[in-house]
């Protein structure tokens with residue numbers, strides 16, 4: 001088994017259903033896990049759909065929507081598929097029930113030790129872990145500007161609640177002159193070898209100077225200190241080339257299908273690497 005196949009197998013076995021612990025509620029429906037998350041967000045995940053026939057896909061999608069429609073607090077539902085899944089008829093069934101293709105991301109996996117290397121920073125730039133509400137607000141404002149999320153303020157409360165309960169998340173930032181110019185999270189996944197690299201963003205005028213690479217190395221060291229030897233990122237095309245150069249390998253492509261309750265505008269859920 002080559003490295004890509006090995007990493008993909010570990011991703012399937014450890015990560016795809018590991019995040020059920022983060023849900024406020026969870027229901028099993030055959031091979032599916034139906035999660036209720038914060039902020040009116042439903043999420044569908046699974047290890048695989050082997051054994052589900054093409055003709056069964058449409059009724060399965062309808063049953064999932066019936067479950068989420070019954071909860072008036074749910075405003076959107078994300079169903080994430082993976083390029084190596086055997087899911088005959090699933091994309092057509094999702095589109096036929098009102099889901100739209102929302103995003104495609106690269107599944108990046110690699111050894112944390114490969115990324116935990118010495119790096120250099122431009123003069124005057126420093127890295128540190130942030131925990132205060134002022135720093136978290138500055139980080140979220142920067143990421144909101146980079147990714148066009150005008151609703152960034154709501155995320156400050158979410159992140160502060162997570163810091164308060166101590167779920168393992170770490171936030172790291174690079175600063176220049178007291179201003180956050182790059183930031184990202186490290187999210188250890190309990191019960192697995194993995195830690196997630198999430199929320200990476202850099203101000204446009206600071207890109208291409210090695211700052212994001214240095215922030216990634218710092219988070220890799222933090223992951224190793226916590227006993228997590230593998231790193232995962234669902235990467236946009238901004239960060240995929242950087243993470244590839246750093247040592248992560250693309251093993252698959254995720255496609256997120258999104259359903260919106262009628263007359264409810266989409267609210268951004270998260271910006272991953």
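Derivation of every value follows stated rules applied to the coordinates shown; laboratory data play no part. Just so we're clear, the structure is a prediction, and the values are computed from it rather than from any experiment. Heads up, the Cβs are rebuilt from the backbone with ideal geometry, glycines too, and the neighbour counts pull from every protein chain shown.
Assuming a ≥ b ≥ c are the square roots of the Cα gyration tensor eigenvalues, decide whether the range 91-156 counts as rounded (a/c under 1.5), prolate (otherwise, with a/b larger than b/c) or oblate. List each step's numbers first, then the result.
Details: a/c = 3.08, a/b = 1.47, b/c = 2.10.
Judged from the Cα gyration tensor, the range 91-156 comes out oblate (a/c at least 1.5, b/c at or above a/b).
Between 0 and 90 degrees, rounded to the nearest ten: what's the tilt of helix 54-69 against the longest Cα principal axis of the chain?
Relative to the chain, helix 54-69 is tipped by roughly 70 degrees.
What 222 nm value per residue comes from the helices of the chain, counting each DSSP H run with n ≥ 4 as -39,500 (n - 2.57) and dividing by all residues, nearest 500 deg cm²/dmol?
Working: 8 runs with 85 residues, N = 273.
Estimated from H runs of four or more residues: -9500 deg cm²/dmol.
Convert 37 °C to kelvin, take the viscosity as 0.692 mPa s, use the Kirkwood radius over C-alpha pairs of the range 111-252 as Rh, and evaluate the Stokes-Einstein diffusion coefficient in µm²/s, rounded to a whole number. Walk me through the numbers on the way to the answer.
Details: Rh = 15.3 Å.
The calculation lands on 215 µm²/s.
Computed over the Cα atoms, what is the radius of gyration of the range 157-231 divided by 2.2 N^0.38 Å, N being its residue count?
Output field value: 1.15.
Which residues in the range 224-245 have a backbone N closer than 19 Å to a point placed 7 Å from the Cα of residue 83 along the Cα-to-Cβ line?
Only 232-245 pass the distance filter.
Separation of the range 1-41 and the range 218-233 by C-alpha centroid, Å?
Cα centres, the range 1-41 to the range 218-233: 19 Å.
Taking a spot 7 Å from the Cα of residue 229 along the direction of its beta carbon, which residues of the range 186-213 have an amide N less than 18 Å from it?
188-196
Would you mind computing, in nm to one decimal, how far apart the modelled labels at residue 47 and residue 97 are, each placed 7 Å from Cα along Cα→Cβ?
2.2 nm
On average, how much area does the Cα convex hull of the range 47-101 cover when viewed from any direction, in nm²? Numbers along the way, then the final one.
Details: hull surface 16.1 nm².
Dividing the Cα hull surface by four gives the mean projection, 4.0 nm².
How much length is gained on full extension from residue 141 to residue 14, taking 0.36 nm per residue of separation minus their Cα-Cα distance? Each step should come with its number before you reach the end.
Working: separation 127, 0.36 × 127 = 45.72 nm, distance 3.28 nm.
Gain in length upon complete extension: 42.4 nm.
Please report the projected area of the range 16-140's Cα convex hull averaged over all directions, in nm². Walk me through the numbers on the way to the answer.
Details: hull surface 45.2 nm².
Its Cα hull, projected and averaged over all orientations, spans 11.3 nm².
If I take every Cα pair under 8 Å that is 6 or more residues apart in the range 1-118, average their sequence separation and divide by the length, what percent do I get for the relative contact order?
About 21 percent, as a whole number.
Between residue 5 and residue 131, what length comes free when the chain is fully extended (0.36 nm per residue of separation minus the Cα-Cα distance, one decimal in nm)?
Working: separation 126, 0.36 × 126 = 45.36 nm, distance 3.75 nm.
Full extension from residue 5 to residue 131 adds 41.6 nm.
Need one number: nm distance between label points at residue 157 and residue 205, each 7 Å from Cα along Cα→Cβ, rounded to one decimal.
3.3 nm
Using only the Cα atoms, what convex hull volume per residue in Å³ does the chain have?
127 Å³
Alpha carbon centre of the range 185-211 versus the range 47-77: separation in Å?
Cα centres, the range 185-211 to the range 47-77: 31 Å.
In degrees, nearest 10, range 0 to 90: what is the angle between the Cα axis of helix 211-225 and the longest Cα principal axis of the chain?
Tilt of helix 211-225: around 70 degrees.
I'd like the FRET efficiency for residue 70 and residue 119, computed as 1/(1 + (r/R0)^6) with the beta carbon distance as r and R0 of 45 Å, rounded to 0.05. Intermediate values should be presented prior to the final figure.
Details: r = 50 Å, r/R0 = 1.11.
FRET efficiency, residue 70 to residue 119: 0.35.
Quote the relative contact order of the chain in percent (integer), defining contacts as alpha-carbon pairs under 8 Å separated by 6+ residues.
On the way: 506 pairs, mean separation 71.5, N = 273.
Worked out over the chain, it gives 26 percent.
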